[in-house]
Amino acid sequence: MEKEKIIEVKDLIFGYEKDSTILKCISFDIFKGEYVTLIGHNGSGKSTLAKLLSYILEPTSGKVYIEGQELNEKSIKDIRSKIGIVFQNPDNQFIGSTVEDDIAFGLENRNIKQDVMKKTVLEFAKKVGMDKFLNKEPEELSGGQKQRVAIAGILALNLKIIIFDEATSMLDPEGVEEIRKLILNMKEENPELTVISITHDIEEAYLSDRVIILNDGKVYKNDIPENVFKDEEEMRKIDLDIPFVLKIKNELAARNIIIPREIKTIEGVANYLCQ
Ligand SMILES: Nc1ncnc2c1ncn2[C@@H]1O[C@H](COP(=O)(O)OP(=O)(O)O)[C@@H](O)[C@H]1O
Ligand SMILES: [Mg+2]
């Protein structure tokens, strides 16, 4: 079956100021149902790109298409019902006066009955572990809790495409894993859900379908994780590391122990070796 393009980015150029270009001719496609990670060191333009994909920023030149529809002033309303972002800083995203209001916010202009909405809000608050905090105000929450609320608010909208911009950066490792599993579960329930995750977590990138690396304002790599992280030296040159489990696999390969490509976790490697 031919993969269906859901996002097409074509020759995108962007600068905040006239004489400085942050993104220099970016092109790539995202396919329906993919889980793509976008990585690159701080300041490489990841958040800027995320904002261009949802028309929070307007490109200097180049185009973005969502399901074949060009992103512009006219189409934005339509497209906003398909794509959503969880922003890097949860404070910029918290709009409601309480957790409950905030999760409900996006649902409010969708003509949903009050009781259905209340149920949906509770359901998603539960999914992110915030159902005991529905009446709390943002001042009473930690950064990580605000991130959980932001994630619930986006997930509740049942969008086709979600961009997570370092959306779990303030959670502890267990929290990060919990949210990652939640998103994977939602993808399992709805295989057409397309996810772009902007992350510093190389291990997460290794588990995604495809990795796009931004470097120096350009797409430096755009490939399956195995290929992207193949060359440790090359990754170091752009200040990126390779996944821990891949290091172990490389060490083993140097001793002629080849672990199959589909094994992507330390537990998997351990099980394989103990067979
Ligand atoms: N609102 C802004 N005005 C001017 N420059 C900005 C603004 N936001 C980001 N930048 C600059 O754009 C570059 C890319 O930033 P950003 O997209 O946030 O990168 P990343 O998310 O990869 O860390 C950085 O040099 C940053 O300082
Ligand atoms: Mg960023």
The conditions are (1) loosely packed, with under 15 Cβ neighbours inside 10 Å; (2) part of a loop (DSSP other than H, G, I, E, B); (3) more than 20 Å from the chain's Cα centre (by Cα); (4) not aromatic (F, W, Y), and I263 fails exactly one of them. Which is it?
(1)
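Given region 143-252, what strands (runs of 3 or more DSSP E) lie entirely inside it while holding 3 or more residues that are within 13 Å of the chain's Cα centre (by Cα)?
Counting at least 3 such residues, we get 161-165, 194-198, 210-215.
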Restricting attention to region 224-239, and to residues there that are within 24 Å of K187 (Cα to Cα) and in contact with a strand residue (DSSP E or B) (Cβ under 7 Å, 6 or more places away or on another chain), which single residue is surrounded by the fewest Cβ atoms within 10 Å (Cβ to Cβ)?
I224
Of residues in region 42-61 being within 11 Å of ligand 1 (Cβ to nearest atom) and closer than 20 Å to K18 by Cβ, the one surrounded by the most Cβ atoms within 10 Å (Cβ to Cβ):
L49
Taking K77, is it under 27 Å from M235 (Cβ atoms) and either exposed (fewer than 13 other Cβ atoms within 10 Å of the Cβ) or within 13 Å of the chain's Cα centre (by Cα) (or both)?
no
Are any of the residues in region 91-109 more than 14 Å from the chain's Cα centre (by Cα), within 16 Å of ligand 1 (Cβ to nearest atom) and either on the phi > 0 side of the Ramachandran plot or surrounded by 13 or more Cβ atoms within 10 Å (Cβ to Cβ) (or both)?
yes
Candidates K24, K63, K3, K10 - the one that is in a loop (DSSP other than H, G, I, E, B) and of a type in the set (K, R):
K3
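This table checks each residue for (1) modelled with pLDDT of 95 or more; (2) over 15 Å from I212 (Cα atoms); (3) within 13 Å of ligand 2 (Cβ to nearest atom).
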residue: T48; (1), (2), (3): yes, no, yes
residue: E70; (1), (2), (3): yes, yes, no
residue: E73; (1), (2), (3): no, yes, no
residue: R80; (1), (2), (3): no, yes, no
residue: N92; (1), (2), (3): no, yes, yes
residue: G96; (1), (2), (3): no, yes, no
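The values are calculated or read from the model by the stated rules, or taken from the named source; none is laboratory data. Remember, predicted model here, so these are calculated numbers, not experimental data. Note: ideal-geometry Cβ built from the backbone for every residue, glycine included; neighbour counts use all protein chains shown.
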